[in-house]
Amino acid sequence: MRSSVDLIQVVVPTKTPNVLPHCKIRDNPHVSSEEWEFLKQQSSQKPFSNSSSETTSVASGDEGSLEETQENASLSQGTEQQREFVELVAATARRLFSYMEVSNQEALAHRLYDVEVVDLSPEVSFLIIVPPTESACAVPGQRDLLLQRGDLAALRVQVFEMIHLGTYQRDVISRYSRLSCILELDTVLVQHNHREVQ
């Protein structure tokens, strides 16, 4: 995502502009509430770029072993399914960061959008990782390194929504378009009748 004073854009692959850059986590699209809560708990404790056995900050001596022990204890509190899900999400996030050419240091600043799991359809759910504010907000005229790649493009949010709806919700977008045309026509007719009366 990129934003400036008057514009909000999303970065999408040029071959599939109807969806954000993504990587598949697993075949099962459903995320249980237990998995979701455990993931939110873990993501607040450690970034995506490290594996579950690594510590999140560089520490020396006893502090490092204490931190690692605490982290392993927090990971061991979850069930095997929850731990496996968190490890899958972390591995997938690393693949996505690699594809997007985000360094490990920059990846530490990214965060999980933990308000909800976005369900595109019964077969597809999205977990969204958002960039840090500094990289999402741009000064007019500033170019992003991601946009210099030929396989990525920036689209206005409204354009992205229309492409997305046209792909995944054809019925909704066709009804919306028809309703919009009817309302526009009715508005013009009412204005015309109002002018004739005066």
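What follows draws every value from the coordinates through simple rules; no lab data is involved. A quick note: this is a predicted structure, and the numbers were derived from the prediction, not measured. Here the Cβ positions follow ideal geometry from the backbone for every residue, glycine too, while neighbour counts run over all protein chains shown.
Counting other C-beta atoms within 10 Å, which of LEU39, LEU183 has the fewest, and how do the rest follow?
LEU183, LEU39
In the stretch 147-198, the C-alpha radius of gyration followed by the widest Cα-Cα span (Dmax) gives 18.0, 58 angstrom. Taking other C-beta atoms within 10 Å as the exposure proxy, LYS24, LYS15, LYS40 rank LYS15, LYS24, LYS40 from fewest upward. For the stretch 89-198, the percent of C-alpha pairs falling in each 5 Å distance bin, counted from 0 to the bin holding the largest distance, reads 2, 8, 11, 15, 16, 12, 9, 8, 6, 5, 4, 2, 1, 0. Sequence-ordered 3J(HN,Hα) estimates for the stretch 187-196 from the Karplus curve with 6.51, -1.76 and 1.60 and θ = phi - 60° stand at 4, 5, 5, 5, 5, 5, 4, 5, 5, 5 Hz, glycine and proline given as x. By the count of other C-beta atoms within 10 Å, a proxy for reagent exposure, ARG170, ARG83 are ordered fewest to most as ARG170, ARG83.
Applied to the stretch 163-171, the Karplus parametrisation 6.51 cos²θ - 1.76 cosθ + 1.60 on θ = phi - 60° returns per-residue 3J(HN,Hα) values of 5, 4, 5, x, 7, 9, 10, 4, 4 Hz, with x for Gly and Pro.
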